[in-house]
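This report refers to the structure that appears directly beneath it.
The values are calculated or read from the model by the stated rules, or taken from the named source; none is laboratory data. None of the values given here were measured: they were computed from a predicted structure. Here the Cβ is made from the backbone with ideal geometry for all residues, glycine too, and neighbour counts use every protein chain on show. Accessible surface is based on the protein model in full, side chains and every heavy atom, while ligands, DNA and RNA are left aside. Shrake-Rupley method; radii C 1.70, N 1.55, O 1.52, S 1.80 Å.
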Amino acid sequence: MRTYLVTGGAGFIGSNYIHYMFRKYGDEIKIINVDALTYAGNLENLKDIEDRDNYVFVKADITDKAAIAAIFAENDIDRVVHFAAESHVDRSIKNPEVFVQTNVLGTAVMLNCAKAAWELPDGSFKEGKKFLHVSTDEVYGSLENEGEYFYETTPYDPHSPYSASKASSDMLVKAYMDTYKFPANITNCSNNYGPYQFPEKLIPLIINNALQGRNLPVYGDGKNVRDWLYVEDHAKAIDMVQEQGRLFETYNIGGHNEKQNIEIIEIIIETLQEQLSEDDPRKALVSKDLITYVADRKGHDRRYAIAPDKIKAEIGWEPETMFKEGIKKTIKWYFEHEDWMKNVTSGDYQNYYAEMYQ
Ligand code: NAD
Ligand code: TYD
């Protein structure tokens, strides 16, 4: 039975990954989820699996060396899947320090504790142990011209404090691999969407606002391009890289699905209008008239686009969920989880929203 240490498993991608892994492996694996439960962490995301005998939650901060070392001391960890991070670009622009703290220092602590637990006296590592660092395509910077793509060999050129902190954490993982032959992989993925995403990110924010007849804020000219991947496809890719990928390699993960922000917003509005029944009072609220152009994000990257050629050629992974289908499933999930949205948008979220958008 393999034991996984998942960091940040109460967040958006981490919780989807944990669901995916239990669906795939059932009782063949054990998962220990360590999460500090920041504003982005939510145990409600894991309600349906929390009673499993092969699941354990530990509330701890990844920068807390003693807490992380204790998890390694008390468990024979086979796999680390490292999601925990501060993940929102706008927050990084307002408050960069916590991004350095969690994303850089936290990754250093995770690497060091895993190395200490897995290293043998001769400097090699225990058989079969693996660390996967989950990163982003934003480390490669911004593409200006059509037809250009991010490859694993593209030089790093981060612009936001978020992407700079993720790039730094990637470099630390690379340094551990190069210096110690530490058994790791890095994955750099494009923008994810799907269930359990916190409504500070574009897609859930637009769904939530549209259903309440609130303005839909579009930064700048709305023509910035992101490559969107359904979160379950990302979870599958992470597992495939860890089990079938070559150690020490980086794999880019992308959706072959580039869209301008304004296109995304229009698709969401159209899908909402299709899905809401005639007698639903929210139907009258959802309208393109809500689209509101607002001041641009500082240093706003123009275009991200991943070429997921290597992961396809070496591992056979490809995105499976077409955007049309993925966005329908996502919107349906938000319809069916109104309480989840109410809970995460009460309290602090109101202050965040007011400060950010007014
Ligand atoms: P998220 O913000 O939804 O979740 C982050 C989780 O980490 C939360 O549960 C939070 O409580 C936890 N956390 C934060 N600081 C912590 C700390 N100091 N100690 C322990 N736990 C802490 O993020 P997400 O969107 O799920 O992203 C997960 C990872 O994937 C991140 O590393 C991010 O950089 C990367 N990524 C995200 C995307 C995307 O589109 N969301 C795309 C590519 C890569
Ligand atoms: P976001 O979901 O924050 O992801 P990232 O910045 O990491 O790509 O934003 C996606 C795109 O949507 C990005 O170009 C910024 C834009 N955006 C808006 O236009 N309005 C908004 O309210 C938000 C949150 C994002």
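Would you call ILE265 within 13 Å of ligand 1 (Cβ to nearest atom), touching a residue at least 40 places away in the same chain (Cβ under 8 Å), in a helix (DSSP H, G or I) and open to solvent by less than 10 Å² (accessible area, probe 1.4 Å)? No; evaluated as a whole, the condition is false for this residue.
Which of the residues that make up segment 268-291 are open to solvent by 10 Å² or more (accessible area, probe 1.4 Å), touching a residue at least 12 places away in the same chain (Cβ under 8 Å) and in a loop (DSSP other than H, G, I, E, B)? Correct list: LEU285, SER287.
The set of residues from segment 292-310 being near ligand 2 (Cβ under 10 Å from one of its atoms), more than 30 Å from ALA237 (Cα to Cα) and either of a type outside the set (S, T, N, Q) or open to solvent by 80 Å² or more (accessible area, probe 1.4 Å) (or both) comprises TYR293, VAL294, ASP296, ARG297. Scanning segment 17-30 for residues that are surrounded by fewer than 24 Cβ atoms within 10 Å (Cβ to Cβ) and touching a helix residue (DSSP H, G or I) at 6+ places or on another chain (Cβ under 6 Å) turns up TYR20, PHE22. Looking across segment 164-207, the residues that are open to solvent by less than 10 Å² (accessible area, probe 1.4 Å), hydroxyl-bearing (Ser, Thr, Tyr) and closer than 28 Å to LYS129 by Cα come down to SER165, SER169, THR187, SER190.
Among the numbered conditions (1) touching a residue at least 12 places away in the same chain (Cβ under 8 Å); (2) of a type in the set (Asp, Glu); (3) under 24 Å from TYR230 (Cβ atoms), the only one that GLU338 does not meet is (1).
Within 16 Å of ligand 2 (Cβ to nearest atom), at pLDDT 95 or above, touching a Gly at 6+ places or on another chain (Cβ under 8 Å) and not acidic (Asp, Glu): does that describe GLY41? Here the answer is no, as GLY41 does not meet what is asked. Taking (1) open to solvent by less than 20 Å² (accessible area, probe 1.4 Å); (2) in a loop (DSSP other than H, G, I, E, B) in turn, THR330 satisfies each apart from (2). Among the residues of segment 229-249, those identified as within 15 Å of ligand 1 (Cβ to nearest atom) and either in a helix (DSSP H, G or I) or surrounded by fewer than 22 Cβ atoms within 10 Å (Cβ to Cβ) (or both) are VAL231, GLU232, ASP233, HIS234, ALA235, LYS236, ALA237, ILE238, ASP239, VAL241, GLN242.
Which of the residues spanning segment 91-108 are open to solvent by less than 10 Å² (accessible area, probe 1.4 Å) and either out of contact with any Phe, Trp or Tyr (no Cβ under 9 Å at 6 or more places or on another chain) or closer than 28 Å to ASP76 by Cβ (or both)? Passing the criteria: ASN103, GLY106, THR107. Restricting attention to segment 251-262, the residues that are out of contact with any His (no Cβ under 9 Å at 6 or more places or on another chain) and outside any loop (DSSP other than H, G, I, E, B) total 7.
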